[in-house]
Ligand code: XLS
Ligand code: CA
Ligand code: CA
C-alpha cells in the first residue's frame with residue numbers, strides 16, 4: 001500500500017511551543033470530567049471534504065488534487081479509502097463518516113452501483129480492522145444526482161421517492177455491516193424553491209413516510225445505532241424543511257420518530273438559521289435529543305455554508321458547555337464537516353486544518369468544563385428561578401395552581417416588588433475571567 005501523505009508522521013501533542021504539525025491543546029490522553037479527551041470528543045473525519053473535495057466553487061474548478069494517483073473509478077475509490085485511513089491514523093482520529101457516494105462512484109445502473117459499494121465496503125472493513133477505526137455514521141447522498149432536482153423523499157415524482165428509498169435501504173445496510181453507531185439524514189434537497197409549485201404538507205408527510213420506513217427497515221436488519229436528522233435552514237433549496245432543531249423536534253414528535261431519532265447539529269447550519277451553535281445545542285439538549293455534532297464554522301458575514309474548520313474558541317466553549325451538560329455524546333461524536341479554503345494548496349494544509357480544529361475543540365471543551373466546575377453560572381441560574389421552589393411558584397410547577405388562586409394571589413400582592421437583575425455583564429465577565437484569567 002502506498003503512503004499518500006509522505007513526509008508527515010504521526011501528529012503528537014507537544015503543548016504550546018509545538019510546531020504547526022503538532023497538537024498544542026489537544027492531548028488525547030488528558031483526563032477531563034473523568035474521561036480522556038479522546039473519548040470526550042470522539043473526533044471523526046468527514047470522507048467527503050477530506051478525500052473528495054477539491055476546492056471547487058461556483059466560479060472555478062479544482063485547486064486541490066484528490067486523484068491519489070488513480071484514474072480508474074474503483075482503483076480511485078480504493079486509493080481514497082487507503083489515504084483516508086492513513087490520514088486518520090496519522091492524526092489519531094478514531095472515527096469517520098461517509099455518504100454512500102463518497103466511498104464508491106455511481107455506475108450506470110443501481111444494481112451496478114450497489115455492487116461497487118459492496119466491493120469497497122469489503123475493503124473498508126479490512127482497513128477498519130487494520131487501523132482499528134470505527135464508523136461514526138453513514139448517510140446517503142440523495143441530492144447530487146440530477147434525478148434529485150426536486151428532492152428525494154419530498155420529490156413530486158414517485159419514481160424518485162422509490163429510487164431514494166432503494167438508495168437509503170442500501171446505505172443503512174452498509175452502515176449496519178460496518179458497525180456504524182449512527183445514520184444521518186441531512187435533507188439535501190428536501191425543501192422547496194418556490195411555494196408556487198409546491199404541496200408543502202404533502203411533501204412533509206412523504207418525508208415522514210420515508211423516515212418511518214427507514215427506521216423500521218434499519219431495526220429489522222439489526223441496526224441498533226441512533227438515527228439523526230441534521231437541521232439546515234437553506235442551501236441548496238430556498239427553504240429546507242429541516243430548518244433548525246426546534247422545527248425538526250416538532251416534526252419527529254408529530255411522526256412518532258422521537259424514540260429512534262436524535263439530532264446531528266452542525267455549527268454552520270445553526271448560524272445560517274440565525275442562531276448561535278450553543279442555542280441549537282441547547283434546544284436539542286432540553287429535548288433529550290443531542291446526538292452528534294458537525295464541527296465547523298461559517299464566515300461571519302457570509303450568508304452561506306462555508307464549512308470552515310472551527311477556530312472560534314469562545315463560541316465553541318459555549319457549545320461544549322451544552323455538550324457536557326447533556327452528559328456527553330450518547331452514540332455520536334465530533335465530525336469535522338469542514339474543508340480547506342480553495343487557495344490552501346500546501347500538502348500540509350489538510351493536516352493543519354484538522355489540527356487547528358481539534359485544538360479548538362479541546363480548548364473549548366476544557367473551558368466549558370472549567371465554567372461548570374467554577375459553578376458561579378449554575379448557582380446564579382438556580383438562584384434566578386428559586387421563586388419556583390416553594391410557595392405559589394412550587395404550586396405552578398406542580399400543576400396544582402388554578403387561575404382563580406393565582407388571581408387571588410396577585411390581588412393580595414398588589415404589585416410585584418422584587419425583580420432581581422439578570423446580570424448579563426457579570427456573567428459574561430465570569431466567562432472571560434475563566435478563559436483568560
Ligand atoms: C451539507 C451537510 C452535509 C451533511 C451530510 O450542508 O452538512 O454534508 O452533513 O449529508
Ligand atoms: Ca453537516
Ligand atoms: Ca455545512
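Read the figures in this text as sums done on the coordinates, not as results from a lab. Predicted model, so just to flag it, every value in this text is computed and none were measured. Virtual Cβ from ideal backbone geometry, glycine too; neighbours counted across all protein chains shown.
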Worksheet item: Hey, among 323, 318, 363, which residue is more than 16 Å from ligand 2 (Cβ to nearest atom) and buried (at least 23 other Cβ atoms within 10 Å of the Cβ)?
Response: 323
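Every residue, every condition in (1) touching a residue at least 40 places away in the same chain (Cβ under 8 Å); (2) surrounded by 20 or more Cβ atoms within 10 Å (Cβ to Cβ); (3) within 14 Å of ligand 3 (Cβ to nearest atom), yes or no:
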| residue | (1), (2), (3) |
| --- | --- |
| 303 | no, no, yes |
| 309 | yes, yes, yes |
| 327 | no, no, no |
| 338 | yes, yes, yes |
| 343 | yes, no, no |
| 350 | yes, yes, no |
Item to complete: Taking the residues in segment 212-231 that are more than 15 Å from ligand 1 (Cβ to nearest atom) and in a helix (DSSP H, G or I) as candidates, determine which candidate is farthest from residue 280 (Cα to Cα).
Response: 220
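Yes/no matrix, rows are residues, columns are (1) farther than 30 Å from residue 85 by Cβ; (2) assigned to a helix (DSSP H, G or I); (3) under 24 Å from the mean Cα position of the chain (by Cα); (4) free of Cβ contacts under 8 Å to residues at least 40 places away in the same chain:
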position: 119; (1), (2), (3), (4): no, yes, no, no
position: 137; (1), (2), (3), (4): no, no, yes, no
position: 142; (1), (2), (3), (4): no, no, yes, no
position: 180; (1), (2), (3), (4): no, no, yes, no
position: 203; (1), (2), (3), (4): yes, yes, no, no
Worksheet item: Looking only at segment 260-285, which residues are in contact with a helix residue (DSSP H, G or I) (Cβ under 9 Å, 6 or more places away or on another chain) and away from ligand 1 (no atom under 14 Å from the Cβ)?
Response: 260, 261, 262, 275, 276, 278, 279, 281, 282, 283, 284, 285
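Every residue, every condition in (1) crowded, with 16+ Cβ neighbours inside 10 Å; (2) touching a residue at least 40 places away in the same chain (Cβ under 8 Å); (3) in a loop (DSSP other than H, G, I, E, B); (4) under 25 Å from the mean Cα position of the chain (by Cα), yes or no:
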{"position": "62", "(1), (2), (3), (4)": "no, no, yes, no"}
{"position": "76", "(1), (2), (3), (4)": "yes, no, no, no"}
{"position": "79", "(1), (2), (3), (4)": "yes, yes, no, no"}
{"position": "86", "(1), (2), (3), (4)": "yes, yes, no, yes"}
{"position": "98", "(1), (2), (3), (4)": "yes, yes, no, yes"}
